[in-house]
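In what follows, a single structure is set out as structure tokens and then discussed.
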Amino acid sequence: MSQPFFEKSDASRLFFLQEQPPAGLGGYRCVFLPPSGITPPSPLDLSGSFAIAGGLYLFLNSPPQDEAAFIDAVQNYLAKQRLDRARFMWLSNPNESPVCWNPFSLTMEPDGTLGRLAQFPLRNYMLALGASCMISLNDQAEPTGFEIRQNTTGDRWIYLDVFPGKPFYSTDSRVTLSFTGPYTGSLGFGISAGLEAGTDSPGDLDVLDAGIRYYFNDPENPGYLLSLRYRIFSGKGTLPLQVFFDPLNPEQGTRTFFGLPAGEPPLALDSCFQSWVGMPLKLSPEAGGDTKFVFAPYAQTPWAQDTDPYTLIPSGVFRILLPQRLSSDYTQPAVRLLAGTSALEYLGFPADEGNLLYFIPGKPAYAPCFSITPGQDSTGQARLGVNTQDTLLSDQALTSYVYVSSGQTGTAGYYAQPENCVMYHLEQQTPAGTPLLDYMEIPFKALPLPQNLPEQAFSMVPYGDLPNLYHGEYFGSFEIQVLSPARRLTINALTAEASSRKAEAVSAQSAADPVSLGTTNHGWLAQFNDQRTIWQTLTLASARGGTQQLVLAGAEGGNISGVLRDALQTNRLFLVAEGSKFSALGAFLSSVLSIESFSFDLNTEMWPDQETIFIMKYTGSSVLELASDLNRWTGPLDFSEGAVTRQHLLGILQDAVQMAATNTYFQDFAAIIQDPFWNGILALNVFAPLWGLPPELAGLAGGIDPDEFKAHHLGIQVSPVEVQDTGGLPVLTMKESSLFGLIYYNSDSILQQSGPPYQYQVKNLSILFENSAIKQFGCSVELLVNELFGETVRLQNCKQDPNVMLFNGKYQDLDGRKIFTLNNLEANTFKADGRVLDEVEILSASFITETTEEEQKAGKDIQTRFSFQGNLRFNALEGFDLFSFGSEIGDAGKKGQLNFLNLSVKMSFPQASPENKTFTFDAQDLSFNQAASKARRESLYSHFPLKLKGFVQGQEGGSPKSMGFNNVTTPISESSLFYPWFGLLFELNLGSLGALAANAGFTAKLLAAWSPGQSGISVFTGISIPGTGESGKIFSIQSILKISVDQFRIEAGLSPGGHTSYVLILNNIRLDFMGKKLPSSAYTDLALFGNPDPAVRADSLGWYAAYTDEKK
């Protein structure tokens, strides 16, 4: 090998070294300046140049533009600085004024020793060469450079000093200065760094600050940075390092670095990288892998400063050594390299010796958005934007990223699963009787071959040997907020194209193809193809004994792939989906789940209208905390509208927390969303179809606004998965899930009194579900009543809106029997505007759905009934108190009443259009409790032996006459009835007919009927005597004897005691025997009267008869 040589410039007496400039330094020059007056031959070899006393070697970062002027400037500078014995000088800016120069130099005495202490400070690192060191050619025959050796009899004066004062002495007591190859002008020396750190003292690599470092804003000192350093190596022993210093280019990694030795036998270094089970991995510098540490600025502020110290970051290729087998009987385990802080995110390699780990320096390391307070940026403001790779990490500070490759296939695998939702499966050989589940490794991403490492490298750091490091409390947060999402973005971008091509190549499987099932601790049930390369479906929940399942598939029901699969295999999964974006990525093959007959539908097509938000949370931190920070969401812009969805979600969550302070329905939900340990699935604003109400509550649909009715939330806590034996083969099956949720419907609308006679709405429906059961139930419905018995009515002393009755609901579980009731237990008194009916006092009311579940399934209309119990009160008609029951005349405070049951207002509507309601007033089944009734003292009922038997609601087109009632003349002016009309039906016992009909009671029916209205009294008093037939006035005895009556009349008058007495008169009674009138010229009037004494109930009749013979 010939020694390097110089050639003289044509423009001056400078001699230029004839070597190619180092890579990346095209302007770099090494020149020799002979003393004035000496003109050496050209070319001039290194030995010849060194033999010229007073010659100067100059290392320049750029060639001089004016060589003569440069020579003068150098000589003047050396003279002024008293560097006349300078032999070597490094100058970065030769074309600037000498006042701007700050060169490094070595002086040499005539005896070959350094003339003075030489120091090469590279900020916080400094190479020191003592004055006693000897300078000589590195080979006397064919030198390629110089070596500076320490005087063996003196102190150790060749060392690397690292602030704050730790010296690393040259291992062979020398420094080299090369004049050929890539290290021309660099000072080279070896040091030894101890790997082991003491309890209170840092290791040598800590002193050298060798590792990976990331930066973020100092929250207590704005404008300054804090940083986190990650150790690369640990263990015991020493690490030999070959150092090269280029004083002019400290950040040029090919010129200034701390190199690690590579060769045979390989150097096995304990690294701080770990396997997925926490075991440290060993790394070995790869031969030809250029393994080293290089300088990077140790940034103190977000703006680069020349005063920033340096840190050392790794560069080059390391071989990942295989884990040691426990014995020769064990199969060599595959390599699984932990990618972050979770054992479920890792890089996978086969059990092969050629697996490589690459360190790529010069990558962005400043995290401007990182904050120890989640959801805020470093200034304390809410973080609204979604970070990209550039905003997560910027190049205002630099560090090293990593990449990996497999020695067997060239490609390594990236694996990830949600940290709190780990997949397990049954091994094929697992006996059915021992259903033990093993961890299920799911292939995720195949990393491309290392072809463009600066673009392929991603942020990944080792987490071994972290104790006692500065700012240790930040490491976990930094991984979650910065490193993990940045790594994910890079890997997804690297594998997106490959995944797309793979998806296109996958054809649909037939039903007969074998599948592989996996489950998680939270109850996911995933179905893959047999090789687990295709994710077919994911069952998230099961209800109604397995007849309902929430099954997720890919877009349009295909395989789960692309962005959706990426999300589901995210280590820190917090997926928030809203609107239509999710539909383009996935679909639920079945979407309805029920709790206690209440149905919830998660069909993605309904999400936009319902404003549904779907959340899958399987990571640390609470839902509320994660919701505030978009950068902790999984694919925020893939599944939602980013900041818009964040605002919507936070509004719902924060409102619920506020509500929980006073509302028990929200307390469970508020606790869940603030619990960092809760993991599961949560859907907000879930479509709850009205047809999905329990059959007993189907009538509520008619009073609910379907556009406003939805579930506040539906949650999937856990789904138990069991192993079933199917003919000796164990199979995973999902049992009924533990669901929770809340329906919280409130209506602010007001029923308008000016509208129809009856109006109805559900004011509130609140149902809290826990563990797939109703925990708390509340319901209130309103019925507006403007009319009763055809009369316009007004609710007296109403507590709510006029004429509105409030029904409150309750729920009971009686030994598995679910009972829903809706009742009004307050007295509601309605004042009637008519002349007959005074008021209707409703003491209790209930609301029920009468249509059975089977009828509802058949599509029949929903039939409901408002059923009332209470008191009727009638006005005392002047001259004849026919209706008897009500307030005493002249004393409204003494109220009588007619106590009734089974008064109804019926409501019906089609299931398809519950807003089309039809109301019907129904008094057909009205019955009376006479024991709880009280008539007025002077009323007909009080003075006549009447028994109240029922109530008549006249049918349209019908009349009392058509029912067999004959008109009774009374003291009041009665008018014809019109529809609608109503009547009280009494029974009047007239005694018996003696021996003629010994077994037949002679009982008449008395009807007191009225039609509603204000203009006048429309009243009908009728009587019906048994056996009279259609005529109403002729009745038969033993079919041969007939009695006829011309007229029925009731008269009222005062008794001697001053009380009202009533007399029923039958005028002109005649006897007809076998068609002949007996006697032919006589007739009889019969008067029947009750006891006029108000203190005695008239239980029997008194009577007298007047016989008139017309012949006499």
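Values in this text are rule-based calculations from the coordinates and carry no lab data. Just so you know, these numbers come straight off a predicted model, no measurement behind them. Positions of Cβ are backbone-derived with ideal geometry, glycine not excepted, and every protein chain shown enters the neighbour counts.
Numbers for the structure displayed
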{"item": "Dipole magnitude of the chain about its Cα centre (Cβ charges: Lys, Arg +1; Asp, Glu -1), debye to nearest 20", "result": "2460 debye"}
{"item": "Residue order, fewest to most beta carbons within 10 Å, for 750, 158, 313", "result": "750, 158, 313"}
{"item": "Positive-end residue of 20, 141, 575, charge dipole of the chain with Cβ unit charges", "result": "575"}
{"item": "The chain: angle of helix 67-80 to the longest principal axis, Cα-based, in degrees nearest 10", "result": "80 degrees"}
{"item": "Extreme residue, positive dipole direction of the chain, given options 1044, 453, 73 (C-beta unit charges)", "result": "1044"}
{"item": "Pairs beyond 24 Å (Cα-Cα), from 961/1042; 617/710; 8/80; 810/949", "result": "8/80; 810/949"}
{"item": "Estimated 222 nm signal from helices in the chain, with DSSP H stretches of n ≥ 4 weighted -39500 (n - 2.57), rounded to 500", "result": "-2500 deg cm²/dmol"}
{"item": "Cross-link partners of residue 895 among aspartates and glutamates (Cα-Cα below 13 Å; sequence separation of 8 or more within a chain)", "result": "838, 839, 841"}
{"item": "Angle between the chain longest axis and helix 643-660 axis [Cα atoms, degrees, rounded to 10]", "result": "50 degrees"}
{"item": "Dipole magnitude of segment 512-740 about its Cα centre (Cβ charges: Lys, Arg +1; Asp, Glu -1), debye to nearest 20", "result": "560 debye"}
{"item": "Distance-filtered residues of segment 807-826 - backbone nitrogen under 15 Å, label point 7 angstrom along residue 846 Cα→Cβ", "result": "807-812, 818-826"}
{"item": "Long-range HN-HN contacts of residue 760 with modeled amide H, under 5 Å", "result": "784"}
{"item": "Neighbour-count order for 691, 678, fewest beta carbons within 10 angstrom listed first", "result": "691, 678"}
{"item": "Computed over the chain: relative contact order in percent, which uses C-alpha pairs under 8 Å that are six or more apart", "result": "5 percent"}
{"item": "Selection from 752, 187, 664, by position along the positive dipole direction of the chain (Cβ)", "result": "752"}
{"item": "Degrees, to the nearest 10: 484-505 long Cα axis against longest axis of the chain", "result": "80 degrees"}
{"item": "Long-range HN-HN contacts of residue 45 with modeled amide H, under 5 Å", "result": "6"}
{"item": "Packing-based exposure ordering (other Cβ within 10 Å, fewest first) of 839, 1051", "result": "1051, 839"}
{"item": "Distance violations [Cα-Cα > 18 Å] among 894/1005; 292/363; 894/934; 947/1005; 860/906", "result": "894/1005"}
{"item": "Distance from segment 819-884 to segment 42-92 (C-alpha centre basis), Å", "result": "116 Å"}
{"item": "Tensor-based shape of the chain (alpha-carbon gyration tensor, a/c under 1.5 rounded, otherwise prolate or oblate)", "result": "prolate"}
{"item": "Spin-label zone in segment 869-910 - amide nitrogen under 17 Å from a point set 7 Å from the Cα of residue 821 along the C-beta vector", "result": "869-870, 902"}
